[in-house]
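None of the figures in this text is laboratory data; all of them are computed from the coordinates on show. Bear in mind the structure is a predicted one, so any value in this text is a computation, not a measurement. All Cβ positions, glycine included, derive from the backbone under ideal geometry; neighbour counts span all protein chains shown.
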Amino acid sequence: MTERIDGHTILIGLMAYPIRHSMSPTMHNNAFAKLGLNYAYLAFEVDNDSLPSAIQSIRTLDMRGSNISMPNKQKVIPLLDKLDPAAEMVGAVNTIVNDHGTLTGYTTDGTGFMQSLKDEGLDIRGQKMTLAGAGGAGTAVAIQAALDGVKEMSIFNIHDEFWDNAKRNVDIINEKTDCKATLHSIEDKDDFKKEIQDAAIYCDATGVGMKPLENETLVTDPNWFRKDMIVFDTVYAPRTTKLMQVAEQAGVEHVFNGLGMMLEQGAEAFKLWTGESMPVDYIRDLLFNDDKVASK
Ligand code: NAD
């Protein structure tokens, strides 16, 4: 990497807290190196308090942009000059592009989700999706799937602080897209089972299945799934979640963790910053193989 850094190197950031565990620096720096692009991607510990000065520094240092993650995805919006329409609908930003001092906010989690399905030769346009979760990931997935042409969406949440967000997602989808969305409670197990059985894809965007809930899943009965459906968990650590195990037990053909989505949200941001396509097959190989990532 030192061979690539010189006086012309263009900086891209990742602003979040905590952030040291992130795979994004490995992903982007290896992609820059592979394509011979003179960029460097660095992670910065930025919380809500330091966010305004960190965002200003994108302009001051003429950085090309930054990724934004928790806890800053919503708080960053008033600090930007423009918002992409999808980011406006989602109400969150994970990518900033700096065009000569003008900062535009984008969200690439939803497009990453849809592209990861395309990579597998799967097309859910015109079909029904049942989705659990209405936080950052759930909202991005719901809005992008509706924008891209999913016909019907049943959104489930528990009655926690995200319930109103689930309601908002349903309202905005019905108002601004051709998708028909409905709101459901995860606590109503009969309804949950029925809506999963009716869907072409069940996506869990709750984080249940990730530490500290790695031994849990919202669906415990393999009979809730059909073999010909898609089961997608946005969690990528562990690689095989409890939900995925239940789906595999049911013989479901297409079972995915969130690694493909993570890769493709990065590829979308990479394209926005550099204008180039990320060498996704190369990076997928690198990220899917833990030993190689650990040795970088
Ligand atoms: P968040 O905190 O914003 O939202 C969490 C959602 O899960 C809310 O809807 C909440 O009501 C629900 N929830 C929480 N605990 C629950 C429980 N016990 N039972 C049922 N529902 C529950 O989180 P987020 O940022 O949306 O992340 C969710 C998951 O998606 C995490 O595992 C995260 O790692 C993953 N994620 C993956 C990608 C990717 O690229 N693959 C991108 C973003 C997030």
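Remarks
- Whole-number percent relative contact order across the stretch 135-275, with pairs defined as alpha carbons under 8 Å at least 6 apart: 18 percent
- Per the Debye formula on identical point scatterers at the alpha carbon atoms of the chain, with no solvent, log10 I(q)/I(0) at q = 0.10, 0.13, 0.14, 0.16 Å⁻¹ is -0.54, -0.91, -1.04, -1.32.
- Looking at the stretch 1-79, the trypsin sites (Lys or Arg not before Pro) that sit in a DSSP loop and have at most 14 other Cβ atoms within 10 Å of their own Cβ are Arg4, Arg20.
- Restricting the GluC sites (Glu not before Pro) of the stretch 180-231 to loop positions (DSSP other than H, G, I, E, B) with no more than 15 neighbouring Cβ atoms within 10 Å leaves Glu187, Glu214, Glu216.
- Kirkwood Rh (inverse of mean 1/r, distinct Cα pairs), the stretch 194-281, angstrom: 13.9 Å
- With helices as the sole contributors, the chain gives -11500 deg cm²/dmol at 222 nm; each DSSP H run of n ≥ 4 counts as -39500 (n - 2.57), and the sum is divided by every residue.
- Counting only residues at least eight positions apart within a chain, or on another chain, the lysines with an alpha carbon under 21 Å from that of Lys271 are Lys34, Lys73, Lys82, Lys118.
- Where Cα atoms sit under 27 Å apart: lysine pairs in the stretch 171-218 separated by 8 or more or lying on different chains: 6
- Between Asp164 and Asp285, the C-beta separation translates, for a Förster distance of 41 Å, into a calculated FRET efficiency of about 0.50.
- Using the Cβ-Cβ distance between Gln74 and Lys194 with R0 set to 45 Å, the FRET efficiency from 1/(1 + (r/R0)^6) comes to roughly 0.85.
- Beta bridges from DSSP with both residues in the chain: antiparallel share about 20 percent, rounded to the nearest 5.
- Backbone amide hydrogens, once placed in the peptide plane, bring Ile10 within less than 5 Å of Tyr39, Ala40, excluding anything fewer than 5 places away on its chain.
- Residue exposure proxy: Leu11, Leu80, Leu103, ordered by other Cβ atoms within 10 angstrom of their Cβ from fewest to most, comes out as Leu11, Leu80, Leu103.
- Taking Cα atoms only, the orientation of helix 136-148 departs from the longest principal axis of the chain by about 80 degrees.
- Look at Lys189, Lys211 and count the other Cβ atoms within 10 Å of each Cβ; fewest to most, that gives Lys211, Lys189.
- Counted charge near Tyr39, where neighbours are those whose Cβ lies closer than 9 Å (Asp, Glu -1; Lys, Arg +1): +2
- Relative compactness, the stretch 130-204, computed as alpha-carbon Rg over 2.2 N^0.38 Å: 0.97
- Taking label positions 7 Å along the Cα-Cβ direction at both Phe44 and Thr60, the computed distance is 0.9 nm, reported to one decimal.
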